[in-house]
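Nothing in this text is a laboratory measurement; each read-out follows from the coordinates by a stated rule. Remember, it's a predicted structure, so these values are computed and weren't measured experimentally. So basically every Cβ, Gly included, is an ideal-geometry build from the backbone, and we count neighbours across all protein chains shown.
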Amino acid sequence: MRAIFSACACAAALMAQASPASAAVWVWGCKGQTDSEQVVFNKFSLLVAPLKPSRGNIRDIIRKDNLIKSPEDLKNSYDSMSDDFGLVQVMKFAKEGEPNKKLTLTEVSSQRMSRKNKLLGGRDESTELYKKVYSYVRESEPPRNITMECAEYQLSTRGGRR
């Protein structure tokens, strides 16, 4: 009896691990530059950094959990104040520990450069690349426009597909 119970428990554990209902992935971000700095952001944070070294391509940026590479980066990083709604019209960021120091990006124009959709192991994968112009307002600086290369990536749950 004990062996049957153990076998059933093991089978149930294996079935739970193989369940098609797994978490979906939705990430986004942009990279661009002002006259003297590069501005990169993703779902989690925004970083204003020197032009060199480059922070990588847009696909690398959107997949990173942390854009900070050095203590200097920490001084120029901002956390997202949004509720994870993607590349929306107005995005606000605030310095960690200094909520009165804010950075706002307001979309002025957007052009989709490419869209790729495919089925990946029973899941829908979508990648969209954009060229966007944002009004960039940092703390007490005057607003200016910044052109950015942006990407949005989604990978769905299986949702009943086989």
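So here's what we get for this one:
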{"item": "Rule-of-thumb Rg ratio for region 19-142 [Cα; 2.2 N^0.38 Å; N residues]", "result": "1.13"}
{"item": "Amide N proximity, region 35-71 versus residue 109 label position 7 Å along Cα-to-Cβ, cut-off under 19 Å", "result": "35"}
{"item": "Shape box of region 97-148 [Cα atoms, principal axes, largest first, Å]", "result": "48, 28, 10"}
{"item": "At R0 = 25 Å, FRET efficiency that the Cβ-Cβ distance of residue 35 and residue 90 yields, to 0.05", "result": "0.60"}
